[in-house]
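One structure is given here, and the rest of the page talks about it.
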Amino acid sequence: MPLYDYNCANGHAFETRHGFNDPAPACPVCGEADVRRVITSAPSVMHGVSAPVSKYAGKDELRAKWSEETPKLREQLVKKLGEDTVNTYAPSLNTHYD
């Protein structure tokens, strides 16, 4: 369940975990039902090569990620630029990392 930050009408700040569709809870300090959710930060979501493999990725994990993403990148470049251009200017994308 996600962790939410709230401020009540009396100025108390608190955190609580509850389901996405659950109603906002009352303030645990004073019991005030008039609470407002506070957005402290937005989550970052990365896909593709930018996505982290793990915090302490080893050579094998990075190689596996690269071998997974390289064909996708190469395919997109070939569609936009053509096979000859990719072979000339991005020869490293022709390497197989299996």
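Which of the residues that make up segment 1-22 are closer than 13 Å to Ile39 by Cβ and within 20 Å of the chain's Cα centre (by Cα)?
Passing the criteria: Pro2, Leu3, Tyr4.
Checking the structure you have, find out if any residue of segment 70-86 is of a type in the set (A, V, I, L, M, F, W, C), part of a loop (DSSP other than H, G, I, E, B), surrounded by 10 or more Cβ atoms within 10 Å (Cβ to Cβ) and modelled with pLDDT of 80 or more.
No.
The values are calculated or read from the model by the stated rules, or taken from the named source; none is laboratory data. Please read all numbers here as calculations on a predicted model, not as lab measurements. Ideal geometry is used to build each Cβ from the backbone, glycine not excepted, and the neighbour counts take in all protein chains shown.
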